[in-house]
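Everything below concerns the one structure shown next.
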Amino acid sequence: MDTAILAESLGKTYTRRKRADGFWAGLRAYFSFESETVAAVSDLSFRIERGESVGLIGENGAGKSTTVKMLTGILVPTHGRVETLGVVPARERRKLAQSMGVVFGQKPQILWDIPARESFRLLKVMYAVPDDVFRFTYHEAVERLELGDFLDTPVRLLSLGQRMRCDLAASLLHAPAVAFLDEPTIGLDVLVKERVREHLIEMRRRFGTTIVLTTHDLKDITATCERLLVLDRGRLLYDGSREGFEQRFAVGRTLVVALEHEADAPTRRALEAELSSEEVTFVWDTPHRLRVECARSASAPRVTASVLEHLRVADLSVQGAELDAIVTRLYRSGKAAAE
Ligand SMILES: Nc1ncnc2c1ncn2[C@@H]1O[C@H](COP(=O)(O)OP(=O)(O)OP(=O)(O)O)[C@@H](O)[C@H]1O
Ligand SMILES: [Mg+2]
């Protein structure tokens, strides 16, 4: 297979002015020009083949955007080696732009003062996009992302969600071999998010686009990515198939219980004692909301019966071993370990 992206022991350390707590210490630190280093990404190694769709996930500050910036050549790594489509991205950004699409959802790049339709025309010329490709990508984007109503409005007058959709369309107009999408669905409503996912799927189907997608909405990943890279404080925690991840980290099912009344301490203890032989964990989100995480071996009917017997239940649902639930648990356990 053809390699699209290669990272070898990749790392990025930021240097920033040292901060200190307290007024005087802060003032002293400010004038002393002392700096400290932050290891945003450490020792990252992976290989992405052409045509793969990879979800890059991790908590806030895990190093996702830093990674994407190194892969696209915006940042120069402090350690290791990176190659995107066979070149060192920071050295050959211009050449790479021709075959790469980039979206930073937090910071749309599309030209501010002119309407999207004009930007699209400019991009067609800039990237010398063949007519048949452009015909497809343009129509696909305009129809799928419903851009028709605001194609002729200067971008600066659009809502964030409208601007984001134009930005995404612009980044894929030249049918790039690789698309880097850093939070492309941020701030979009549920229906538009759905459209964005469909657009990515369609572009990949038509052009075999390699996709690297960063998001906090795990439904984006479930819909579009077959492979996962999970970052935890700058390090790679998991690299493999999404299904494999779900199988490896799934604990079973979770019973989500909404209570009519707050359960008092003796009631909670009685319930927990009764289920002590089952492999379950009780998580009280609020006094009115309990999650019972059941291991694969636990008997869901028995757990449910005990819950109904001890608590005044207003509502009850069972969550499967979904990506969302697994990742929430993983982040929580990561935090616990860090603390
Ligand atoms: N320009 C910078 N200077 C100094 N530190 C930075 C800079 N950019 C990022 N960092 C630090 O590097 C770490 C990783 O940041 P990064 O933006 O890559 O995280 P992220 O995974 O994209 O997070 P989020 O989900 O919030 O977007 C954080 O600790 C952040 O504070
Ligand atoms: Mg980020």
Review point. How many residues does the stretch 265-280 hold that are part of a loop (DSSP other than H, G, I, E, B) and open to solvent by less than 70 Å² (accessible area, probe 1.4 Å)?
Key: 2
Check your understanding: Filtering the stretch 200-235 down to residues that are assigned to a helix (DSSP H, G or I) and within 16 Å of ligand 2 (Cβ to nearest atom), which residue is farthest from SER333 (Cα to Cα)?
Key -> ASP220
Check your understanding: Out of all the residues in the stretch 281-314, which are farther than 17 Å from LEU259 by Cβ, free of Cβ contacts under 8 Å to residues at least 40 places away in the same chain and assigned to a strand (DSSP E or B)?
Key -> THR281
Practice item. Assess whether GLU262 counts as being out of contact with any His (no Cβ under 9 Å at 6 or more places or on another chain) and not in a strand (DSSP E or B). Key: no
Study note, to complete from the structure: Picking from PHE120, PHE136, the residue that is in a helix (DSSP H, G or I), among the hydrophobic types (A, V, I, L, M, F, W, C) and open to solvent by less than 30 Å² (accessible area, probe 1.4 Å) would be PHE120
Practice item. Using the structure shown, decide if GLU59 is open to solvent by 10 Å² or more (accessible area, probe 1.4 Å) and either within 11 Å of ligand 1 (Cβ to nearest atom) or outside the structural domain of LYS95 (by TED's automatic domain parsing) (or both). Key: yes
Practice item. Please list, ordered by first then second residue, the pairs with beta carbon atoms under 7 Å, 6 or more apart or interchain, first in the stretch 58-75 and modelled with pLDDT of 95 or more, second assigned to a helix (DSSP H, G or I) and within 10 Å of ligand 1 (Cβ to nearest atom). Key: LEU75/THR66; LEU75/LYS69
Study note, to complete from the structure: Inside the stretch 241-259, the number of residues satisfying the requirement of being in a strand (DSSP E or B) and open to solvent by 50 Å² or more (accessible area, probe 1.4 Å) is 2
**Study point:** Close pairs from the stretch 224-239: first within 18 Å of PRO184 (Cβ to Cβ), partner in a loop (DSSP other than H, G, I, E, B) and away from ligand 1 (no atom under 13 Å from the Cβ), Cβ under 9 Å, at least 6 apart
**Key:** CYS225/GLU52; GLU226/GLU52; ARG227/GLU52
Point to revise | Complete set of residues in the stretch 209-238 that are open to solvent by 40 Å² or more (accessible area, probe 1.4 Å) and either among the small types (Gly, Ala, Ser) or within 16 Å of ligand 1 (Cβ to nearest atom) (or both) | key: HIS216, ALA223, ARG233, ARG235, LEU236, LEU237
Practice item. Name the residue, out of ARG28, ARG17, ARG81, that is within 30 Å of TYR127 (Cβ to Cβ), in the same structural domain as LEU228 (by TED's automatic domain parsing) and either more than 16 Å from ligand 2 (Cβ to nearest atom) or of a type outside the set (A, V, I, L, M, F, W, C) (or both). Key: ARG81
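The values are calculated or read from the model by the stated rules, or taken from the named source; none is laboratory data. Since this is a predicted model, take the numbers as computed values, not measurements. A quick note on method: Cβ atoms are made from the backbone with ideal geometry, for glycine too, and the neighbour counts reach across all protein chains shown. Calculation scope for accessible area: heavy atoms of the full protein, side chains included, ligands and nucleic acids excluded. Shrake-Rupley method; radii C 1.70, N 1.55, O 1.52, S 1.80 Å.
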